[in-house]
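The next block holds one structure in the form of structure tokens; read it before the comments.
The values are calculated or read from the model by the stated rules, or taken from the named source; none is laboratory data. The structure presented is a predicted model; accordingly, all values stated were derived computationally and were not measured. Cβ placement follows ideal geometry from the backbone for every residue including glycine, while neighbour counts extend to all protein chains displayed. These area figures cover heavy atoms from the full protein model, side chains too; ligands, DNA and RNA do not enter into them. Shrake-Rupley method; radii C 1.70, N 1.55, O 1.52, S 1.80 Å.
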Amino acid sequence: MKQVLLIGCGAEIGSILLGMLQPQQDGFKIGAVLTNPVATDPSHPELTPMDGLCARIVLAQPRLLDQVAVEGSSLVICGNRVPVFFGDMQGYPLEMLPGPFGVCIVATAKTHINNRELLERFLSVSDYVVGVAEATSLPGFYPGLIGAPGRFLPVKPRPAGGDRIFALGSCQTNGWQAQLRGLLELAEEAELSTLDFRAMEVDIVHPDTPTGRLGTGSIRAREQDPRNNLRPGFSQVELSMNRLFPSSNNINTISLRTLTMPPGYQLCRFFFSYLCEDGSRLDGARIAASLGRTATRLPKVLRLADRPYGSRGFEQCDAAAVVLPQPVFLRFADDPFNLGSEPAPPVSELILQAYVHNTRGYCRSVIEAIRHLLLEGPPRVFDPVSGAGN
């Protein structure tokens, strides 16, 4: 059984990965956790930092109430024992860890994932290092685009070669790419001869995260009181859009933080020109049907909502994006600007609305990326962005 090192066991990604992973099905296990010491409660002196980790896992996934226990310095989750090491990733003696590992997952902070020198430290105990955020200074290894048709991608993925450190993109990056994957599959299925993306826009309603706070610390969206207060912010998704489509006009217009549980909501607008080899034109029904077939083939990437339930209906869904295919939500205009078809094809607009699960859905994407690294070898990746620094 392949082993993975998890760095960071916070209230969301790290703890949910521990609870979601099923080694026998997923093909690997978390062999160790390295995380900062967890504060204890002076009102309960009998409880230890390990009990704090239990709280993070159970409160993130209450179904695990009776499946999480502490045995010495290890967590036992659904019968799987995971040794825990408390310390700072920047200075912890790596020889103390029970490696070697196939992959090291860095689930701490964006500042760490953007620090290549820090990540390189873990190559001494792991074959690969992956960061669970976007970092344009690193090669991008995007789970939703593994095996995707690349004919119409202006920036092509290339074999990783000697690269061993990758950014997996953010939760919103993965949600947007799942919908992009649907379009790339549509292009192959509809036998498009041309597909030229001109502009892309993403609007996001983002559930609040543990980095938020009650009370107002500053004007930053994450530090304003979330109660009765919609807060305009931003997402890393625009970085990914620009990496893949550098000549397109790409905008993340809003990432509105709100005090709800995942999943959140994403509205994507794709502006593109295209030609079908047989001279036919696309319409909303044809696009929805193609997305449905892609969802059947790639259920961990894309799902279609048979019924437009509210977000709570999709809390346990693992797909990176759940598209609402109903005509009132999925809108396609073949020539919204009345440009006609001469001398070049018109610019069409596709609007997709989808639920994007920023915790469970994203963790499934992370698991699938690691499966690929461990079981299928070096991936195809997108180059770092020129001029992107730490």
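Run Gly279 past the list (1) assigned to a loop (DSSP other than H, G, I, E, B); (2) open to solvent by 80 Å² or more (accessible area, probe 1.4 Å) and report the number of the one that doesn't hold.
(2)
Considering only region 329-346, how many residues are part of a loop (DSSP other than H, G, I, E, B), crowded, with 18+ Cβ neighbours inside 10 Å and at pLDDT 95 or above?
1
Checking Ile351 against (1) at positive phi; (2) modelled with pLDDT of 95 or more: exactly one of these is not met. Which one?
(1)
For region 232-250, which residues satisfy the criterion of being open to solvent by 60 Å² or more (accessible area, probe 1.4 Å) and in a strand (DSSP E or B)?
Just the residues of region 232-250 that are open to solvent by 60 Å² or more (accessible area, probe 1.4 Å), to begin with: 232, 234, 238-239, 242, 246-247, 249.
Once the filter is applied, which keeps residues that are open to solvent by 60 Å² or more (accessible area, probe 1.4 Å) and in a strand (DSSP E or B), region 232-250 yields Pro232, Asn249.
Which ones in region 259-276 are among the polar types (S, T, N, Q) and either within 19 Å of the chain's Cα centre (by Cα) or assigned to a loop (DSSP other than H, G, I, E, B) (or both)?
The initial filter retains those residues of region 259-276 that are among the polar types (S, T, N, Q), namely 260, 266, 273.
Selection gives Thr260, Gln266.
Starting from residues that are open to solvent by 40 Å² or more (accessible area, probe 1.4 Å) and assigned to a loop (DSSP other than H, G, I, E, B), keep the ones in region 367-390 and report whichever is modelled with the lowest pLDDT. Quick ask: steps written out before the conclusion?
Step one: list which residues in region 367-390 are open to solvent by 40 Å² or more (accessible area, probe 1.4 Å), which gives 368, 371, 375-376, 378, 380, 383-387, 389-390.
Pick out the ones that are also assigned to a loop (DSSP other than H, G, I, E, B) and you get 378, 383-387, 389-390.
On the way: Pro378: 87, Asp383: 97, Pro384: 95, Val385: 90, Ser386: 74, Gly387: 62, Gly389: 51, Asn390: 46.
Going through the qualifying residues, I end up with Asn390.
For region 7-25, how many residues meet the condition of being farther than 17 Å from Val58 by Cα and open to solvent by less than 10 Å² (accessible area, probe 1.4 Å)? It would help to see each step written out before you state the result.
Keep residues of region 7-25 that are farther than 17 Å from Val58 by Cα, which gives 7, 23-25.
From what's left, open to solvent by less than 10 Å² (accessible area, probe 1.4 Å): 7.
So the answer is 1.
For Lys300, only one of the following conditions fails: (1) surrounded by fewer than 22 Cβ atoms within 10 Å (Cβ to Cβ); (2) out of contact with any Lys or Arg (no Cβ under 6 Å at 6 or more places or on another chain); (3) closer than 19 Å to Pro262 by Cβ; (4) of a type in the set (Lys, Arg). What is its number?
(2)
Out of Ala178, Ala160, Ala167, which single residue is within 16 Å of the chain's Cα centre (by Cα), within 21 Å of Gly102 (Cβ to Cβ) and touching a residue at least 12 places away in the same chain (Cβ under 8 Å)?
Details: Ala178 fails: within 21 Å of Gly102 (Cβ to Cβ); Ala160 fails: within 16 Å of the chain's Cα centre (by Cα).
Exactly one residue qualifies, and that residue is Ala167.
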